[in-house]
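Below: the structure, in structure tokens.
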Amino acid sequence: MRLALVRCARVRTREALNHALPATDSGRDCLGSLCIRFLDAVRRGHIQTGETIMFDSMRDAEQTGLGFPVPLSEKYRPKKIADFIGLEKTRKVLGAFAQRPTSSAWLFVGASGVGKSSLALALASEIEAEFHHIPSQKCTAQTIDDTVRLCWYLPRKANGFHLVLVDEADRMSSAAQLALLSKLDSTDPPPSTIFIFTANQADGLENRFLSRCRKLEFSNYGMRESLAAFLAKVWYSETGSEQGPDFARIAKESTNNVRDALMTLEVELLAR
Ligand SMILES: Nc1ncnc2c1ncn2[C@@H]1O[C@H](COP(=O)(O)OP(=O)(O)O)[C@@H](O)[C@H]1O
Ligand SMILES: [Mg+2]
């Protein structure tokens, strides 16, 4: 969600920024904090008004000098399909798909924190698609209509695609599923659009909906060793030291949930 918000932080004028600030600045809110730093940069003349700035991620925002500490899961979120740990078959399928993308719908099913949303983002970036995000709990018939309208009318690069990511699709209403049916087959599809739905499980999704999606399982089975090695790498780049906590144990205790494991590592870094 935060990622999508930052991606959408297209700020054209100082007035727009001033307008955005009160709405988003809660003091704890990262986007609010980004706005403050952004305003500051505009004031100091580092960014010209009228310029359009689009961040791909919190890390990009940090690299512009507007930085603030970002969670490890953001900082080390893989940008390329090949860089994900585990998920061999999934990477292979999506890597091949990225070479020759077509309008299609995908269902990414698997445990939390194993890279479903991040892989959708990486795919969008590799095929340079125009990215749209429908966060969890926001997938209503209305949101779908609004997003599909954008896919019809928003300009895209020549031969480019729109990629619509719908998170936690297993929570969407049946009205939303019905609204999607004709968009996912040849009846009323938006042009050059790839839909990716993520879900912890496919139960609760209608058969008519499921039969329109290519299903990809995200299994974290057998990922423990590569996760432990990944944690050691993160630890080394954060501390410059090879001595650290028991990475294999952190991987085990997180039941191979990469996000959880990185959270634990954050605590270990603070306890150092
Ligand atoms: N397979 C993976 N390889 C590397 N990092 C991962 C992987 N899976 C998850 N992560 C990390 O965990 C974070 C959360 O992943 P996310 O894509 O949101 O999981 P999901 O959508 O499956 O719940 C990512 O930002 C990334 O840092
Ligand atoms: Mg997700």
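Just so you know, all these numbers are worked out from the coordinates, no wet-lab data involved. These figures come from a predicted structure and were not determined experimentally. Here the Cβ is made from the backbone with ideal geometry for all residues, glycine too, and neighbour counts use every protein chain on show.
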task = Compute the FRET efficiency between R156 and Y221 as 1/(1 + (r/R0)^6), taking r as their Cβ-Cβ distance and R0 = 45 Å, and round to the nearest 0.05.
result = 0.75
remark   = Exposure-ranked with fewest Cβ neighbours within 10 Å first, F197, F161 stand as F161, F197
key: Global form of region 108-223, assessed from the alpha-carbon gyration tensor, a/c cut-off 1.5   = oblate
message = Just want the answer: with Cβ charges of +1 for Lys and Arg and -1 for Asp and Glu, which residue in I144, S182, A202 is farthest toward the dipole's positive end in region 81-218?
response = S182
message = If I take R0 = 25 Å and measure r between the Cβ atoms of T140 and R259 in this structure, what FRET efficiency does the formula 1/(1 + (r/R0)^6) give, to the nearest 0.05?
response = 0.45
task = Would you mind computing, in nm to one decimal, how far apart the modelled labels at K252 and K75 are, each placed 7 Å from Cα along Cα→Cβ?
result = 2.7 nm
task = Starting from the Cα of R208, step 7 Å along the direction of its Cβ; do the same at S174; then give the gap between the two resulting points in nm.
result = 1.0 nm
remark   = In region 104-175, the trypsin sites (Lys or Arg not before Pro) that sit in a DSSP loop and have at most 10 other Cβ atoms within 10 Å of their own Cβ are K157
message = For a 19 Å ceiling on Cα separation, which of these pairs sit above it: K89/K252; K89/K116; K92/K116; K89/K215?
response = K89/K252
